[in-house]
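No value in this document is a laboratory result; all are computed from the given coordinates. The model shown is predicted, which means the values in this text are computed figures rather than measured ones. Methodologically, a virtual Cβ is constructed for each residue, glycine included, from the backbone with ideal geometry; neighbour enumeration extends over all protein chains shown.
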Amino acid sequence: MPIDNQSLLLEKITGIFVGTHDFRELANQAVDLIAKELKNQHVVTVGIGRVHEKERLLHAYAYATKYRKVLDKLLPKRFSELNIALDKADNLGVKTVTTGQIQQSKRVADFSRGIFSDQLADKLQKIMKGKLSAGFPIRSRSGKTAGFLLLILDEESLTGQQMLLFQAIANQLGLAFSNVFAFEKLVQKYKNSLAGELAGRNDQHIPSVKFTLRITPQEDKKLAELARQRGKTKAEIIREVIDKDP
């Protein structure tokens, strides 16, 4: 892929992240775009996983492929419900996030081991016509590995140019992850404050509680920007996120 086209792709990826503060929504948008834009790079399937530190789990969030209807029928449960413990060192997805290093294998099973059987993984790989699976660590602004990008290709090796492009995409995802994490942290502050104020109230659906919460200028800027993009007040944005079903 020419450099100009690579830059355009990264701009598109950055564009869909603006104003996206729900992680699942972010993951779904990202895999759909990447799968569409990387067809000429022999990418047949794209997946995103996120680390849940408190649970010590690596969670699957979203994937995209033209074979999805067939694959969904074969998976033991919905893709977004799949997860694996971070101590399962024989799983290359886990190894990607625990070592922070790119992992590659000619078997999809090496990335799904411990989640479902190798036999099923081999069957899925045959349907996708995958010949190479590669996991790229997704790092937040702090440098910590927060998840990984899984790419399955219908060719057996990666070129140097592909490695640079795929890593650049993972880096862009890392910036988006960081924005989501910052917003999640901000919302949790509000939720904690509201929990104390609303304790013991019979009617919790009437917005009548006033409270003061100190937040950083950076957090306030993020909240104000999201409010501007959605044409709402900052209070309405917070209520919208708090009232949203998990």
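Sort 148-154, 136-142 by the packing proxy (mean of other Cβ within 10 Å over each peptide's residues), most packed first. Numbers along the way, then the final one.
Details: 148-154: 23.1, 136-142: 19.6.
Output ranking for 148-154, 136-142: 148-154, 136-142.
Scan region 33-134 for GluC sites (Glu not before Pro) in coil per DSSP, keeping those whose Cβ has at most 11 other Cβ atoms within 10 Å, and list them by number. Don't skip to the end; give the middle numbers.
On the way: sites: Glu37, Glu53, Glu55, Glu81; in loops: Glu53, Glu55.
Those that pass, being in a loop and sparsely packed, are Glu53, Glu55.
Relative contact order of region 3-180, taken over Cα pairs closer than 8 Å and 6 or more residues apart, is 22 percent. Between the alpha-carbon centers of region 155-169 and region 39-55, tell me the distance in whole angstrom. Taking the Cα centre of region 39-55 as reference, the centre of region 155-169 is 15 Å away. Please go through the residue pairs Lys77/Lys129; Lys36/Lys123; Lys95/Lys129; Lys73/Lys144; Lys123/Lys144 and name each one whose alpha carbons sit more than 28 Å apart in this structure. Over 28 Å Cα-Cα: Lys73/Lys144; Lys123/Lys144. Neighbour counts of C-beta atoms inside 10 Å place Phe79, Phe177, Phe166 in the sequence Phe79, Phe166, Phe177, starting with the fewest.
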